[in-house]
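> Dropping the structure in here first, questions after.
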Amino acid sequence: DVDHIYEALLYTDINLDSLEPDSILDEDHIKLIVKKSGMKYKSAKLKEEKERENTDAVKRPPADPAVLTPRPPVVTILGHVDHGKTTLLDSLRKTQVASMEAGGITQHIGAFLVHLPSGEKITFLDTPGHAAFSAMRARGTHVTDIVILVIAAEDGVMQQTIESIQHAKNAGVPLILAINKCDKPEADPERVKKELLAHDVVCEEFGGDVQAVNISALKGENLMVLAEATVALAEMLELKADSTGLVEGTVIESRKDKGKGPVTTAIVQRGTLRKGCVLVAGKTWAKVRFMFDENGKAVDAASPGIPVEIMGWKVFRCGALEGNVSVSSCQQRAHEVVAWRTYVEQQERMKRDVEIIEAKQKEHRMEYKEKQEKLAHLTWRQRKAVLYKANKHLMFSRPKERTEVDKNVLSVIVKGDVDGSVEAILNILDSYDADGECKLDVIHFGMGDISETDINLAEAFNGVVFGFSVKANESIKRLAAKKGVKIKLHNIIYKLIEDLKDELSSRLPPSV
Ligand code: GDP
């Protein structure tokens, strides 16, 4: 059922544009999508829901060539450091200043449009360099149509020039050469073109199909020739999109603006984005309140290839907002999609945790066995002395001297049955300590059942006592209740960790 597959796609964060145009989804593809979306598990519910909101259902019209219209190419500038990428972007932007309305201020939003006198448009991504290019591709976004490779005419082909060629080739994105700094007396564009032959980049004058334009980014010379070469290549690539159907796009940048709040810059890839649309991106959603172009001018609609800054995101945490943007049929669906994606991520994280713990436990068992073998020849008394020394640091840790209770710190006491389990827990906690807004402070840890000392410590630090495979007897429980100290006992490490994480997030300041 095609409709169901399109529904499923929304849940998976797979962008259809990452598939070849008009490619047929084979069974393996569909199986993967369905698996990732949890559709089997949800399909009955969705069907029911779809019947309810029938008219609102997400449907992707088949790619009808009649509805496809040309769109501006999206260009990334690559090249060796200091060859003039930033200068070129600045100069290209400046070519637009004259045509800009008075009072407009050019802002960095991650991309900008260049309007040619012929009426053509080009979208430039304004973070140069292949780090950004690769990062986007690693996220599965295939937004760049053309790479402009900047090479300084006096330096020629350098290390990062070669890397850039490789990146473009791997991505299957065609190149245009911008041979820069031609204003310099020592500039030798012909030499550059010859050097490129060794890297399988063959310019037109050598019978190849790569256009080369001699420019001076600094003086703004020949930039329009470069832009026209880009448009010519775009025409050959027949870049077209359906601006009428379902909206899909790619997040280029996201940030928190002092005045506007959380904003993202996205490039629409199909459909037309309008004010009021409900969007899903990564693990958050938006109802588009406002859209702006790179001159800070409010726009009502954005068609394919056009970058816009979007205002109206609901939750904004670092990393939550990236990848593809899709329009959802309704707010409730957006909630559900975000919840599902978050759930899937948690599951994956939990699976990783369990793997880490199991590996640690295995390691400890091995160590223990080795230790036992080493101790085998000792007497019982000697053995006890050695073990005591080895475990001393675990049994007698010092609580830090601190009286003030910080609200954004969760103090915990960790008790376990054996040192292996305590250490495994501590190792995992170490990895969580850094990324949360609420800090975790392990004020005491050790082996054995929960004791009066543990409760007293927890009380002093407003902390929580976590026990793994240990007990707390009735009098200790009574004492804890009296002092308002929480005791949490678990027999499965990942459950303990989950519980602890819940405790951490319950202490987070409310999110925006
Ligand atoms: P990037 O590292 O590739 O972004 O290079 P930049 O744009 O920062 O340029 C590096 C240096 O080269 C700067 O000092 C620029 O002023 C200079 N530069 C860039 N383009 C030209 C040019 O066309 N002619 C000359 N003479 N200098 C240039």
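> Report, in listed order, any pair from Lys369/Lys415; Lys256/Lys486; Lys121/Lys219; Lys219/Lys240 with a Cα-Cα distance greater than 31 Å. If you can, show how the numbers build up before the last one.
On the way: Lys369/Lys415 23 Å; Lys256/Lys486 37 Å; Lys121/Lys219 22 Å; Lys219/Lys240 34 Å.
Pairs exceeding the cut-off: Lys256/Lys486; Lys219/Lys240.
> For a test of the definition: using alpha carbon positions, the gyration tensor, and the 1.5 limit on a/c, classify the range 225-275 as rounded, prolate or oblate.
Note, shape of the range 225-275 comes out oblate.
> Report the one residue of Ile267, His167, Ala301 whose Cα lies farthest in the direction of the positive end of the charge dipole of the range 162-313 (charges on C-beta: Lys and Arg +1, Asp and Glu -1; origin at the Cα centre).
Of the candidates, Ala301 comes out farthest on the positive side.
> For the range 149-283, give the magnitude of the charge dipole about the Cα centre (Cβ charges: +1 Lys/Arg, -1 Asp/Glu; no others), in debye to the nearest 20.
Values: 16 positive and 20 negative charges, 235 e Å.
Roughly 1120 debye for the range 149-283.
Since every read-out is calculated from the coordinates, none of them should be taken as a lab result. None of the values given here were measured: they were computed from a predicted structure. Positions of Cβ are generated from backbone atoms using ideal geometry, with glycine treated the same way; all protein chains shown enter the neighbour counts.
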